[in-house]
Each structure stands twice: as structure tokens, then as C-alpha cells.
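Undergrad: Could you have a look at this structure, given as C-alpha cells, before my questions?
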Amino acid sequence: MNWEQKRTGGDTTMEKEILHGNFNYKPLPYGGVDRTKVICTHCKGEFSYHRSTSSLKYHLNALHKIDYSKSPTLTKSGGKLRETTSDAACGRSVDKQKQDKLRNAIAKWIATNCRPVGIVEDAGLRNVLRIATNDDTYEPPSRRTVTRRIHELYEEERTTKEAALQRAPAVALTGDYWTSLGNHHHLGVTVHYIDEKWELQSHALTVMKTEDSHFAETCAEHFIHVAQQWNVSDKVSTLSTDCASNTVAAARRLPFEHVPCVAHSLQRSVTVSVHNGAFDDVLATCRKVVGHFKHSPASAAELERQQIEHGQKKESLVQDIPTRWNSTLDMIKSVRRNEQPLRDALATHNTEIAMPTTAEMDNLQRLETLLEPCRDVTELLGGEKYVSCSVVLPAFCHLSRVMESSDDDPTHVVNFKSTFRTALKTRQENDNVAYLKIATALDPRFKDLRCVPRAERAEVWASVTTLLTEQRVAAEQPVEATTSEPPKKKLALLAASPESDSEQEEDSVESGVCRYRAEPTISTEACPLEWWSKHAGSHSRLASIAQKYLATPATSVPCERLFSLAGHIVQKKRVSLSSENVNDLVCLSNWLGAEE
């Protein structure tokens, strides 16, 4: 870099020129340039500049009759001429069709990858696009154009999503509230349904800014508003939320079922069990060790050197965070993997930080064994690309068996298992078990209901039979409403019909349930939706109920992921984004990212 470039902060001549050299930044008396002022190279007029070239283009067209889209060159006399170099002659200008494709691709890239809209004004992106298009005169679309195209993309994708939702027989929602870096409250809602091809669909509905306090009545109004916005009020079967008191109270006011997040219940049971045992001291020791290496670059470098000497992979230690699920297990694993490198690194620096003793390391191994199945179940139930609601009861049954005490368990392990089983059972009573039982029965993997006490299985199938009967009655009501027979005549016909008709209907419903129960169960590794897609014809009535119950997610994790995505978009430098832009960008990123 020469002296002139250093004086101007590294600016090159191309970076100083605007609109192909028709304007230059105003030079400062002591070197450098003023990037808020530009000088016209034709009339030496001075203009304010804030990265928008609209007024500058107007000046060139109105006063100088100059085509600003083409790059001029200097003649011997210093005048501006059209570029006629061999390089420019070889390049071809980008046609309108390709410009439209580039504009759409840039808008999609910004929305999907959480990039700021102002990136289109970067000189680096402009140069890359010019090289890619082989057009030295190509100008990227303006900030305003890209913003408008993002809103158009949102409306196009929303129309597609709305049409798909109208074809769905039933939909399930998840909802949660989130506070942005700008201290604004947002409600995130996702939708889940099984389409006509028996494929599970999941996507965002909204990230809506909320102004009112989150009282139960207000929260209920928010969810109703979202359902009405998307025209699915009569299709919503369930709402899945966390166990916060306001959302639970709001769900009671809504006309659809509430399914509390079972992952929150599971993690709360884990937290209670850990703090109610003899593991607190050894976990506190681990936190001190990890914290020391997290805050000391010299110690962290020494740890990396020791890891290499012991033939291990270089890795950072994991610090557990109360609000991050399974982080305690990850911390234990990282400490146990690096036990010897940690001891040697601490001995080298002669610190006062003490490693866990041999007995404490044994306790860590036991705790790792206890937490591992809990992590597996949490990850299993948190998926949104496969059926999860019907897996809750089998998974909890598995955990209950794993947490049974044995004669070889020490006292603190027995206490942990006992506390965990009690806490999980207590919280499971609030998990809408009746709904989960029906979902389990409609899953061909678990319809033997081994995860349900034997005495309660008949009641589950009775509930399924009742649902079939109600569905048949609801299906016949529109037919009766369109008939031309007078009401009195209809009542007379019903009274005159033989009693065997109703008995035959009941027998038909019960036989349909019996035929389904007689079908062989499938492997737990198989997809239940594939089974239903092949057997929907022979179990048509039951299939429509299965579409409703199997679409419900077991957790509110989809909303957690939505807010994680929103956190990438609403960064510290972008806290002033309008609520409309936040909604469009988050939803588009969710929709388009899922397609890719």
C-alpha cells in the first residue's frame, strides 16, 4: 500500500469513484476523503451522499444528459468518453432476463442466509458480480429494490403456504414468546400438518411483535389472531407451548387442545434430580476447572499442547449453562475425555485450581450414564421432520425402566433415580396424557400400547371408537342439511328406522377399530406415515383421525429454533429493523432454507 492509500485509509481510485467516475468523494484539506460529500466531475457541483445514488443519477440525466450506467474513460484532453477498450468490447451487457434472475437470487440469498440488505451497496459484491457476469458496467440492485423483492418473495411464498394449509385436514401449532436485542417482544408460531401425500410438513407462520403485557387473556387473543390471519381457525387441533403459567392459562381459554412441551418437563426433572443428590460438589469443581481454562488464554494454550502430546484431538472445554439443555452432560464428557491433559496443564502452571479426585471422577462417570438416556429422549422428541407425539409415552416408559434402582447402585445414585422418577411422573400428569395415549394407539409401531398400564388400554380404544363415531356423525350433518325433506318428515323417518341400523353403525365403527388392531405392528425404525399412506384406503375413517393426532409435535422446540434463527437476523447492528421486516425475513429464511 503506497503513501496515498495509507493517507486515505486504503481507498483505491475505483473505491473513490461513484457511478463510474461521474462523481468523486470530496477531498479533505489534510488528506483522505469526506464520504458524506461527492463532487460532480462535469460541473464540479457538491452533493450530499449517504450511499444512495438516486439524486446523483437525476443530476446526470437532467443537466448533463449522461448515461450513468456506462463507464467513461479519460481522453488526452481530460474529457470523458465511452469506454472502447478491448476488454470492454469483449464483455457483454447483462440482459433484462438475467438481471431479474440475479435480483431474485440476491434477494433470496439475503433472506435465507440472514445477510443485511445493505450488503448490495458493497463494492466487493459489485466487483464479484461484474466478474461473474462478464459485464464491467453491471450495477447490483439498490437497497430499495432488494427490500421490495424480499417482500414480494414473502407474499409469493405465503400464498403457496396458505393454499397447502387449506388442503390439510387438521393443523397443529406451537407458540412461544421471545424478546429481541432491541427489547421488543415477539410471538413466534409454527404450524405442523400431514398433507395428502402423508408427508409431515412444518414451517413458521409468524414472528409477530406484541405490545401488550403477556397476561393469559392477551396471549389467547394473540394465538386466535394468528389462526385467523392464516384462515386455519377451524383446522387447529392442538397448541404446544412451554410450561409457563401465562401460556398454560391462555391455552385453557382456547377452543383447541393444549399439549405442554414434554422436553421442558423432562429437563426440569433432570435439574431437580441433579441438585437433590450428591453430585453438586463434583459439578461445582468441574465448573471451576472449565471456567479457569475459559478465562485464561495461557492455560488454554497449554491445554492444547497437552492434548497434542497425549495424542488427543484439540478441543475446547464445554461450560454448562442452566438454560441450555444437556450442557451439564456435555461438560462432564469434555472433562472426562481430557482428564490427563487437564491434570498436566494445571500442574505446569501451578494453579490453585484442583481437579476432581478419583472418587469424584467415578461419580462423574455414573452421572454421565444417568444423563445419557435423558439426552437421547430429548433429542428424539425435539424433531419436527418426523412423528414425535406418539413417541412420548414409549420414551417415558423406557426412561422409567432405565431409572429403576438396582442392588449395585450406591445411595446417591438410588436417590437420583428415585427423585427423577417421582418428578417425571408428577409432571407427566400435566402433559395431556389422554391425547398422547390416542396418538400412541394410532401409531402402527406402538398400537399394542405396552407403554400404557394394562387396565387403561381398553379405555384408550374406547376413546378411539368415540372419535370415529363423532366423525361419522359430523360427516353426515352436511348431507342432512342439504336435503329437501321437511324437518318433521326427517324426525318421522328416524323414529321409524329399525334399532338394528344404529347397532350396525356401532358394529361398523367397532369393526374398523378391530381391523386396525389386528394389523401387525411395524418396526420401531419404520415410518408410521408410510404405513398409513399404504393402508389409508382400507382404514379411511381412522386415517383422517391419524392425520390429526400424528401431526402434533411433542415439544415447543420448533419455536425455540425459530427464535434462534431470529437472533441471527436481529443482531446488535440491526435492532432497528421494523416488525414487518423481522417477520418477513425470519419466515422467508425458515421457508426457503427448508426447501434447500
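Undergrad: So what's the gap between the Cα centers of the range 94-129 and the range 228-243, to the nearest angstrom?
TA: Comparing the Cα centres of the range 94-129 and the range 228-243, I get a distance of 36 Å.
Undergrad: Still on this structure: Once the piece of chain linking ARG35 and SER400 is laid out straight, how much longer is it, given 0.36 nm per residue of separation minus the C-alpha distance between them?
TA: 124.7 nm
Undergrad: Within 10 Å, count the other beta carbons around each residue, average over each peptide in 57-64, 185-192, 106-113, and list them highest first.
TA: Those peptides, ordered most packed to least, come out 185-192, 106-113, 57-64.
Undergrad: Counting Lys and Arg as +1 and Asp and Glu as -1, each charge on the Cβ, what is the dipole of the range 405-477 about the Cα centre in debye, to the nearest 20?
TA: 60
Undergrad: Highest first, please rank the peptides 368-381, 398-411, 118-131 by the mean number of other Cβ atoms sitting within 10 Å of their residues.
TA: 368-381, 118-131, 398-411
Undergrad: Which pairs in the list LYS333/LYS385; LYS333/LYS425; LYS98/LYS161; LYS294/LYS385; LYS108/LYS437; LYS333/LYS447 are over 32 Å apart, alpha-carbon to alpha-carbon?
TA: Correct reply: LYS294/LYS385; LYS108/LYS437; LYS333/LYS447.
Undergrad: I want to check the label-to-label distance for ARG143 and HIS42. Put each point 7 Å from Cα in the C-beta direction and report it in nm to one decimal.
TA: Computed distance between label sites ARG143 and HIS42 equals 2.6 nm.
Undergrad: Tell me, in nm to one decimal, what length is gained between THR369 and ALA455 on full extension, where the rule is 0.36 nm per residue of separation less the Cα-Cα distance?
TA: Between THR369 and ALA455, full extension yields 27.7 nm more.
Undergrad: Against the globular-protein guess of 2.2 N^0.38 Å, express the Cα radius of gyration of the range 266-428 as a ratio, rounded to two decimals.
TA: With N residues counted in the range 266-428, Rg over 2.2 N^0.38 Å equals 1.16.
Undergrad: Sticking with this one: Compute the length gained on full extension between ALA249 and ARG51: take 0.36 nm times their separation in residues and subtract their Cα-Cα distance, giving the result in nm to one decimal.
TA: That pair, ALA249 and ARG51, stretches by 66.3 nm at full extension.
Undergrad: Under the definition of Cα pairs under 8 Å and six or more residues apart, what whole-number percent is the relative contact order of the range 153-212?
TA: 27
Undergrad: Something else: Name the residue from GLY124, VAL94, THR137 whose Cα lies farthest towards the positive end of the charge dipole of the range 90-150, charges +1 on Cβ of Lys and Arg and -1 on Cβ of Asp and Glu.
TA: Result: VAL94.
Undergrad: Simple spin-label model, 7 Å along Cα-to-Cβ: SER538 to ASP122 in nm?
TA: If labels sit at SER538 and ASP122, their model points lie 5.9 nm apart.
Undergrad: Okay, moving on. Count neighbours as other Cβ atoms within 10 Å of each site's Cβ, and list the trypsin sites (Lys or Arg not before Pro) in the range 201-267 that are DSSP loop with at most 10 such neighbours.
TA: Taking the range 201-267 and a limit of 10 other Cβ atoms within 10 Å, no loop trypsin sites (Lys or Arg not before Pro) are found.
Undergrad: Kindly state, to the nearest 0.05, the FRET efficiency for THR426 paired with GLN229, given R0 = 41 Å and r defined as their beta-carbon distance.
TA: 0.65
Undergrad: Further question: Order 450-456, 134-140, 385-391 from most to least packed using the mean count of other Cβ atoms within 10 Å.
TA: Those peptides, ordered most packed to least, come out 385-391, 134-140, 450-456.
Undergrad: Just to check I understand the Karplus step: with θ = phi - 60° and J = 6.51 cos²θ - 1.76 cosθ + 1.60, what whole-Hz values come out for the range 259-269, glycine and proline as x?
TA: Coupling constants for the range 259-269: 10, x, 5, 6, 5, 4, 4, 5, 5, 5, 5 Hz.
Undergrad: Measuring from label point to label point, each 7 Å out along Cα→Cβ, what is the GLU155 to ALA216 span in nm?
TA: 4.1
Each reported figure results from applying straightforward, stated rules to the coordinates on display, with no laboratory input. The structure presented is a predicted model; accordingly, all values stated were derived computationally and were not measured. Every residue, glycine as well, gets a Cβ built from its backbone with ideal geometry; the counts of neighbours run over all protein chains shown.
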